[in-house]
Amino acid sequence: GVDDLTVESNNLTVEINRGEGNLVADFSENAYEIATGPESSLELVADGALGELTRAAGELVLNVANFFTVTGSLAFEQSIGKVVLADEEEVDVDRLLVGGSNLSAFIGLNGGSDDALGLEAVGLEFALALQSSQATPSRHWVSLQGSAGEVNFVGIDGLSIGADTLSIAINQADESGQVIDFSAAATDLTV
């Protein structure tokens, strides 16, 4: 229903565990098997220690007007957790996690055609964490780490601009100037 936007997915998995007052079911010790047909079933295995959770992952293809295209494995998670800051303060957080691997991307004109003009990247992977304090939502942290195996400009004969490897790392401080210490044992980020 949206012009020039296509999203395709293969092997999509979805996990949702909601409750009242952040009390959720815990199936980590005893999976709950539910029939999904005459000869098939699915086990609920949600870990209650993760609190309220919404998670989706799969092989995706996203194309916006042949200008921006990304293909590969993507995962999204909305959950709660605990982080340890550089000053050793522990903070309960709400988090949005987005991760991708084995990605290829194109940004430019005429993507997917012989007349493509723009940047293409392969071997992309990234992890993005947007987190805010449950007690003080104005305290928030943005953390990003990613890399690309190869980035090239395409579409102009005789012009060659590229990189064999590219990496990025961002660990943004909150309003008090404290960053998350990802080497601390209490920090658990998995998508």
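The values are calculated or read from the model by the stated rules, or taken from the named source; none is laboratory data. Just so we're clear, the structure is a prediction, and the values are computed from it rather than from any experiment. Here the Cβ is made from the backbone with ideal geometry for all residues, glycine too, and neighbour counts use every protein chain on show. Surface accessibility is based on the protein's heavy atoms, side chains included, excluding ligands, DNA and RNA. Shrake-Rupley method; radii C 1.70, N 1.55, O 1.52, S 1.80 Å.
Every listed requirement among (1) assigned to a strand (DSSP E or B); (2) in contact (Cβ under 8 Å) with a residue 40 or more places away in the chain; (3) open to solvent by 50 Å² or more (accessible area, probe 1.4 Å) is met by residue 56 save one, (3). The residue that is nearest to the chain's Cα centre (by Cα), counting only those in region 76-85 that are among the aliphatic types (A, V, I, L, M) and modelled with pLDDT of 90 or more, is 83. Within region 13-28, being outside any loop (DSSP other than H, G, I, E, B) and open to solvent by less than 60 Å² (accessible area, probe 1.4 Å) holds for 15, 17. Taking the numbered list (1) closer than 27 Å to residue 73 by Cβ; (2) open to solvent by 60 Å² or more (accessible area, probe 1.4 Å) in turn, residue 163 passes all entries but (2). Considering region 100-135 alone, what residues qualify as being crowded, with 16+ Cβ neighbours inside 10 Å and on the phi > 0 side of the Ramachandran plot? Answer for region 100-135, where residues must be crowded, with 16+ Cβ neighbours inside 10 Å and on the phi > 0 side of the Ramachandran plot: 108, 118, 123.
Of the candidates 138, 79, the single residue that is hydroxyl-bearing (Ser, Thr, Tyr), more than 25 Å from residue 2 (Cβ to Cβ) and surrounded by fewer than 17 Cβ atoms within 10 Å (Cβ to Cβ) is 138.
Has region 86-98 got any residue that is under 14 Å from the mean Cα position of the chain (by Cα) and open to solvent by 30 Å² or more (accessible area, probe 1.4 Å)? Yes, region 86-98 contains at least one residue that is under 14 Å from the mean Cα position of the chain (by Cα) and open to solvent by 30 Å² or more (accessible area, probe 1.4 Å).
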